[in-house]
1. Can you pull out every residue in the stretch 98-154 that is in contact (Cβ under 8 Å) with a residue 40 or more places away in the chain, assigned to a strand (DSSP E or B) and among the hydroxyl-bearing types (Ser, Thr, Tyr)?
2. Can you tell which of ARG92, ARG80, ARG56 is basic (Lys, Arg) and in a strand (DSSP E or B)?
3. Assess whether LEU52 counts as being in contact with a strand residue (DSSP E or B) (Cβ under 9 Å, 6 or more places away or on another chain), not assigned by TED's automatic domain parsing to the domain that holds ALA34 and not charged (D, E, K, R).
4. Can you tell me how many residues within the stretch 55-85 are in contact (Cβ under 8 Å) with a residue 60 or more places away in the chain and within 20 Å of THR172 (Cβ to Cβ)?
5. Restricting attention to the stretch 115-139, which residues are surrounded by 16 or more Cβ atoms within 10 Å (Cβ to Cβ) and closer than 12 Å to LYS192 by Cβ?
Amino acid sequence: MFTGIIDTTGVVKNGVKDNVKAGVKNGVDLLISAPYRGLKKGESIAVNGACLTVERVVKGGFTVHAVATTLGRTLIGEWRKGRVVNLERALRAGDRLGGHFVQGHVDGVGTVERVAEADDALLLDIRVPDEVAETTVLHGAITIDGVSLTVNALPRTGTVQVSLVPFTREHTTLGKLEQGDRVHVEADVLGKYVRQLCRSER
């Protein structure tokens, strides 16, 4: 479990294309540089919002393995050497919950439709998958590339608008997004449960 409050950013040190062992069906191993201390094997880390398990701790970073299922619903299979990623270590009991409950289970890929400055904020309109759109409410929570954000507006059916404050722009990868870029999206877990309950009562 995570909160969507990014600890730091890291860098992919080995491109996926150079690291596929025997085809995508076997998944890929990634080496990610990060300034963490005290990492342990078996820890969960959200990498651009995707929960992955630390397999090895190395000097200046760690390795993870993304299985075929993960590759099928994320952009990880397209990552290349030098890719900057948002990182968050798992929530500990007693930690402050600054964002919202984030599972690290990416629901799908969204596409940035519009980027606009609005005073001291940056507005992003993101086209999201249908299953995310139907569980998203105005001023509710949504996770974009691992970052917990508030839904600022719902400008069109299937499009979610979020507003980035200066701190988020500076300390995550979201401030560099451009129109046409694709991102990992996770819907609010509360919305998922409500949707399932409603379906089961039909």
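The values are calculated or read from the model by the stated rules, or taken from the named source; none is laboratory data. Remember, it's a predicted structure, so these values are computed and weren't measured experimentally. No Cβ is skipped: glycine too gets one built from the backbone with ideal geometry, and neighbour counts run over all protein chains shown.
1. First, pick out the residues of the stretch 98-154 that are in contact (Cβ under 8 Å) with a residue 40 or more places away in the chain: 98-115, 118, 120-124, 126, 128-129, 131-132, 134-137, 140-149.
The next check asks that each one be assigned to a strand (DSSP E or B); those that pass are 102, 108-115, 118, 121-124, 126, 141-144, 147-149.
THR111, THR143, SER148 - these are the residues of the stretch 98-154 that are in contact (Cβ under 8 Å) with a residue 40 or more places away in the chain, assigned to a strand (DSSP E or B) and among the hydroxyl-bearing types (Ser, Thr, Tyr).
2. ARG56
3. Working: in contact with a strand residue (DSSP E or B) (Cβ under 9 Å, 6 or more places away or on another chain): yes; not assigned by TED's automatic domain parsing to the domain that holds ALA34: no; not charged (D, E, K, R): yes.
Spelling it out, it is not the case that LEU52 is in contact with a strand residue (DSSP E or B) (Cβ under 9 Å, 6 or more places away or on another chain), not assigned by TED's automatic domain parsing to the domain that holds ALA34 and not charged (D, E, K, R).
4. Taking the stretch 55-85 first, the residues in contact (Cβ under 8 Å) with a residue 60 or more places away in the chain are 74-85.
Next, from what is left, pick out any that are within 20 Å of THR172 (Cβ to Cβ): 74-76, 78-80, 82-85.
Result for the stretch 55-85: 10.
5. Hits for the stretch 115-139 are VAL132, THR135, THR136.
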